[in-house]
Amino acid sequence: AASSQPYRVAMASAIRVLRARVPRSVGAGRCMSSSAAPLRILVVDGYAQKSRDEFNRVGMPLASSLYADMITANSAGVGVEFDTIFPCEEAYVPPTDDELATYDGCAFTGSSYSAYDDNVDVHRQVDLMARTFETGVSSFGSCWGLQIAAVACGGKVELNPKGREVGVGRKVMLSGEGRDHPMFSGKKAAFEVFESHSDEVTELPEGGVLLAGNDHTRVQAMAVDRNGTSSWFVQYHPEYDLKYFSSLIRIRTERMTSMGFFKKEEDVGVYCDELNELHDDPARLDLLWKYGIDSDIIDVGIKQAEVKNWVAHLSATKR
């Protein structure tokens, strides 16, 4: 695992403040009135500058924006305030422990990096993750977020010998612990998810609990309890929808073709076009059948139940 160490440079330019709208209608689950103190969540955008530039070039939202939107949509009437930081920026300075302690939660996005890369951007994020545990701040993360959580706590991440898991991840199954865990309240025992990763957690860290897995990737979800705080992580991407995923595949056309997922580059365009059609009309039986997609992918309430449950957990345990 890569070693972690703090890298401190000028913080103000690295933080952008977003304020989430409080939904007018209150959904199921625990909620707070709009007059109550809002949850404060730090969103950590894990992508390299090059990747973020590419997303901006083609008009795709940044991963941090996807996360803020997802958390807001699952806040069930709870006020939420976001700070967003970009550890891969040259001018980045990590928040101090005192600053971290002011947040109710930290949310870690995906990334173009591998957790075992010996790279300053990786070291910064592994260090930040470790300090969320030290300061007792609950975290949620997907894909990269799960992997750096494992490394930060002494686990191990390696390249998956089965190759890349991308598209719809099949037959993700809850473990016995997962069936009883609050992150999966309201979730089926087996479900399908958006996936896009080549690495996997091969050794759980001390205190890590395996909550879900499938035949391709043994660790699809994990919880870590430290310093009286529970943090939850998934290998898959609840923040994705069909439109975003099709855009992601389209900008990786050459890569996806060279890896053998498509016979020729023209096939990528057909696939992405049809995913967009299905996004616009989720009742398209022909496309649902063609791609084996069901409510696990289409229904936001099912797809993002883990996030809704995490926000409810933060609300219930707010200091």
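The table below lists the values:
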| item | result |
| --- | --- |
| Extension gain (nm, one decimal) between Lys263 and Leu159, 0.36 nm per residue minus Cα-Cα | 35.0 nm |
| Accessible surface ranking that places the most exposed of Lys318, Lys156 first, with a 1.4 angstrom probe | Lys156, Lys318 |
| Of Lys50/Lys243; Lys188/Lys308; Lys156/Lys243; Lys156/Lys318; Lys243/Lys290; Lys162/Lys187, those spanning more than 25 Å from alpha-carbon to alpha-carbon | Lys156/Lys243; Lys156/Lys318; Lys162/Lys187 |
| GluC sites (Glu not before Pro) lying in DSSP loop within the range 192-298, provided at most 15 other Cβ fall within 10 Å | Glu206 |
| The range 208-279 - percent of accessible surface contributed by carbon and sulfur, probe 1.4 Å | 47 |
| Cut-off under 5 Å, modelled amide H: who pairs with Ala221 long-range | Leu211, Ala212, Gln235 |
| Cβ-derived FRET efficiency at R0 45 Å, Arg284 paired with Glu99, nearest 0.05 | 0.45 |
| Relative contact order of the chain, pairs being alpha-carbon contacts under 8 Å that are 6 or more residues apart, as % | 19 |
| Mean residue ellipticity (222 nm) of the chain, computed from DSSP H runs ≥ 4 via -39,500 (n - 2.57), nearest 500 | -9500 deg cm²/dmol |
| Accessible area per residue, Å², the chain with all protein chains present, probe 1.4 Å | 43 |
| Option label - Rg and Dmax of the Cα atoms in Å computed here, alternatives (i) 18.6, 60; (ii) 18.7, 56; (iii) 27.6, 113 | (ii) |
| R0 of 30 Å, Cβ-Cβ distance Glu206-Arg40: FRET efficiency to nearest 0.05 | 0.55 |
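The values are calculated or read from the model by the stated rules, or taken from the named source; none is laboratory data. Fair warning: this is a prediction, and the values are worked out from it, not measured in the lab. Positions of Cβ are generated from backbone atoms using ideal geometry, with glycine treated the same way; all protein chains shown enter the neighbour counts. When the accessible area is computed, the model is the full protein with side chains, heavy atoms only, and any ligands, DNA or RNA have been set aside. Shrake-Rupley method; radii C 1.70, N 1.55, O 1.52, S 1.80 Å.
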